[in-house]
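Asker: Just dropping this structure here.
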């Protein structure tokens, strides 16, 4: 832009906003580029795939979970200031929050992220506020499990104190106590969370917070599959208006309790016979392609909104958006073994209401039992005029996918639980010592 000031011509250069994206989510990079930003991308060196960094101005090959990374970015900020730091990766949120506070940027703060990451801290905070009562305790031994069962009754739930992707969640029966302790010990965990068993169906609530005001975007039905790992989701959830109002009020109070002031959230809720109860919450959009389900059903892309709000380029939503249609995802079942081939994809895509089909394994890879969300073999996303219609179309599509496998040798078996837990377990970052000697920094 040029402007005349007497005989002097002043040239004002329009600078692109600068965004730092943490973690391996290409869609966040794409959203920032779409908004006209200069994108810097932080990623572990072993996770950068060919061509993936093409849209970024700078790629930082670093472990963004380490405190030293926060210092590095703070120094870079002095030279090339960042207008926003964003991420939707669970394991990146603690660093994201530290950077938000240190650089004075919009987004969740460290205390908020710590509370929702540490499930025991979350239960403690809710108990202090008298909100969503759920009996819970921190356990370390078989005696702890037996004592909790004796006091609260069997069965009850046990899970890692800070993990994601439904990894390690078990229902504890009286005759399974020793096996449960052995399982947690095998992953290197020194502590686990024990919670009363909550009856009823589970849903999730997708929201966005604008300067302290929470707007619910969607309520999502869950289909729970093997090992308490989700087998599918449908948007919107089919619920009575009175239940919806109760859930919306609970989630808003929960987000206030953990101190979320800006950005997306994903809160899991059980609809028990005693009313809705919070299972856990996250300061990010939901996984399992829920962002795509919300976009299809309501026309709101939570990833793009996250970047735009952080950059000051989005107006706050006045209220929940109207539904345009229903959408659903169904994860495909597959036998264990070495994948040879998958058939049926073309037939599934022939349905005009199917919007996406994806197989998550390549030929030669080993398909194992479903222990967490990363173990699922593939999925189908479909739309419909009603939730029931969308869910039926997605389920029919997933059933058409046929996975041809052959028995795999020992060398093809995937990593043991300890290695898998080490990647998904965030407890060391919030102060829990692991039995392998690592703790938070």
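The values are calculated or read from the model by the stated rules, or taken from the named source; none is laboratory data. In this text the structure is predicted, and so the values were computed from the model without any measurement. For neighbour counting, all protein chains shown are included, and Cβ atoms are generated from backbone atoms with ideal geometry for every residue, glycine included.
Asker: Name the residues in segment 73-90 that are in a helix (DSSP H, G or I) and within 15 Å of residue 109 (Cα to Cα), would you? Walk me through how you get there before you give the answer.
Answerer: Quick first cut of segment 73-90, residues in a helix (DSSP H, G or I) only: 73-79, 90.
Answer for segment 73-90, where residues must be in a helix (DSSP H, G or I) and within 15 Å of residue 109 (Cα to Cα): just 90.
Asker: Being under 18 Å from residue 282 (Cβ atoms) and either at pLDDT 95 or above or surrounded by fewer than 18 Cβ atoms within 10 Å (Cβ to Cβ) (or both), is that true of even one residue in segment 140-154? Lay out the reasoning, then the answer.
Answerer: Of segment 140-154, the ones under 18 Å from residue 282 (Cβ atoms) are none.
No, every residue in segment 140-154 fails to be under 18 Å from residue 282 (Cβ atoms) and either at pLDDT 95 or above or surrounded by fewer than 18 Cβ atoms within 10 Å (Cβ to Cβ) (or both).
Asker: Looking at 294, 307 in this structure, which one is surrounded by 23 or more Cβ atoms within 10 Å (Cβ to Cβ), within 15 Å of the chain's Cα centre (by Cα) and within 30 Å of residue 40 (Cα to Cα)?
Answerer: Numbers: 307 fails: within 15 Å of the chain's Cα centre (by Cα).
Being surrounded by 23 or more Cβ atoms within 10 Å (Cβ to Cβ), within 15 Å of the chain's Cα centre (by Cα) and within 30 Å of residue 40 (Cα to Cα) holds for just one of 294, 307, which is 294.
Asker: Residues in segment 363-407 that are more than 23 Å from the chain's Cα centre (by Cα) and either in a helix (DSSP H, G or I) or in the same structural domain as residue 237 (by TED's automatic domain parsing) (or both): how many? So that I can check it myself, show each step before the final result.
Answerer: Keep residues of segment 363-407 that are more than 23 Å from the chain's Cα centre (by Cα), which gives 363-366, 384-386, 388-389, 392-393, 396-397, 399-407.
From the residues that got through so far, the ones that are either in a helix (DSSP H, G or I) or in the same structural domain as residue 237 (by TED's automatic domain parsing) (or both) too are 388-389, 392-393, 396-397, 399-400.
Qualifying residue count, segment 363-407: 8.
Asker: A follow-up question, please. Does segment 188-195 contain any residue that is modelled with pLDDT under 95, more than 26 Å from residue 127 (Cβ to Cβ), crowded, with 18+ Cβ neighbours inside 10 Å and in contact with a helix residue (DSSP H, G or I) (Cβ under 7 Å, 6 or more places away or on another chain)?
Answerer: As a first pass, look at segment 188-195 and keep what is modelled with pLDDT under 95: 188-192.
From the residues that got through so far, the ones that are more than 26 Å from residue 127 (Cβ to Cβ) too are 188.
If we keep only those that are crowded, with 18+ Cβ neighbours inside 10 Å as well, we get 188.
The next check asks that each one be in contact with a helix residue (DSSP H, G or I) (Cβ under 7 Å, 6 or more places away or on another chain); those that pass are 188.
Checking segment 188-195: at least one residue is modelled with pLDDT under 95, more than 26 Å from residue 127 (Cβ to Cβ), crowded, with 18+ Cβ neighbours inside 10 Å and in contact with a helix residue (DSSP H, G or I) (Cβ under 7 Å, 6 or more places away or on another chain).
Yes/no per residue for (1) within 29 Å of residue 160 (Cα to Cα); (2) in contact with a helix residue (DSSP H, G or I) (Cβ under 7 Å, 6 or more places away or on another chain); (3) assigned to a strand (DSSP E or B); (4) without any contact (Cβ under 8 Å) to a residue 40 or more places away in the chain:
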| residue | (1), (2), (3), (4) |
| --- | --- |
| 215 | no, no, yes, no |
| 220 | yes, yes, yes, no |
| 231 | yes, no, yes, no |
| 234 | yes, yes, yes, no |
| 239 | no, no, no, yes |
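Asker: Can you tell me which of 91, 77 is assigned by TED's automatic domain parsing to the domain that holds residue 42 and either out of contact with any helix residue (DSSP H, G or I) (no Cβ under 9 Å at 6 or more places or on another chain) or under 30 Å from residue 276 (Cβ atoms) (or both)? Lay out the reasoning, then the answer.
Answerer: Numbers: 77 fails: either out of contact with any helix residue (DSSP H, G or I) (no Cβ under 9 Å at 6 or more places or on another chain) or under 30 Å from residue 276 (Cβ atoms) (or both).
None of the others qualify; the one that does is 91.
Asker: From the residues in segment 163-175 that are crowded, with 17+ Cβ neighbours inside 10 Å and modelled with pLDDT of 85 or more, which one is farthest from residue 267 (Cα to Cα)?
Answerer: Taking segment 163-175 first, the residues crowded, with 17+ Cβ neighbours inside 10 Å are 163-170, 172.
Still in the list and also modelled with pLDDT of 85 or more: 169-170, 172.
On the way: 169: 17, 170: 20, 172: 24 Å.
The selected residue is 172.
Asker: Need the failing condition index for residue 337 against (1) touching a strand residue (DSSP E or B) at 6+ places or on another chain (Cβ under 7 Å); (2) on the phi < 0 side of the Ramachandran plot; (3) surrounded by fewer than 22 Cβ atoms within 10 Å (Cβ to Cβ), just the number.
Answerer: Only one criterion in (1) touching a strand residue (DSSP E or B) at 6+ places or on another chain (Cβ under 7 Å); (2) on the phi < 0 side of the Ramachandran plot; (3) surrounded by fewer than 22 Cβ atoms within 10 Å (Cβ to Cβ) is unmet by residue 337, namely (2).
Asker: A further question on this structure: Going by the structure shown, is residue 384 at pLDDT below 95, within 30 Å of residue 209 (Cα to Cα) and surrounded by 16 or more Cβ atoms within 10 Å (Cβ to Cβ)? Full working, then the answer.
Answerer: On the way: at pLDDT below 95: no; within 30 Å of residue 209 (Cα to Cα): yes; surrounded by 16 or more Cβ atoms within 10 Å (Cβ to Cβ): yes.
The answer is no for residue 384.
Asker: Test residue 200 against the stated conditions and say whether it is surrounded by fewer than 22 Cβ atoms within 10 Å (Cβ to Cβ) and touching a strand residue (DSSP E or B) at 6+ places or on another chain (Cβ under 7 Å). Outline the logic, then answer.
Answerer: Values: surrounded by fewer than 22 Cβ atoms within 10 Å (Cβ to Cβ): yes; touching a strand residue (DSSP E or B) at 6+ places or on another chain (Cβ under 7 Å): yes.
Answer is yes for this residue.
Asker: If you go through segment 47-71, how many residues are more than 23 Å from the chain's Cα centre (by Cα), crowded, with 16+ Cβ neighbours inside 10 Å and under 22 Å from residue 427 (Cα atoms)?
Answerer: Summing the residues that are more than 23 Å from the chain's Cα centre (by Cα), crowded, with 16+ Cβ neighbours inside 10 Å and under 22 Å from residue 427 (Cα atoms) in segment 47-71 gives 0.
Asker: Something else: For residue 314, all conditions in the list (1) over 22 Å from residue 395 (Cβ atoms); (2) touching a residue at least 40 places away in the same chain (Cβ under 8 Å); (3) in a loop (DSSP other than H, G, I, E, B) hold save one; what is the number of the exception?
Answerer: All conditions pass for residue 314, except number (2).
Asker: Here are some residues: 287, 281. Which one is within 14 Å of the chain's Cα centre (by Cα), under 26 Å from residue 95 (Cβ atoms) and in a loop (DSSP other than H, G, I, E, B)? Even if it seems obvious, please write down each step before you answer.
Answerer: On the way: 281 fails: in a loop (DSSP other than H, G, I, E, B).
Just a single option satisfies the conditions, and that option is 287.
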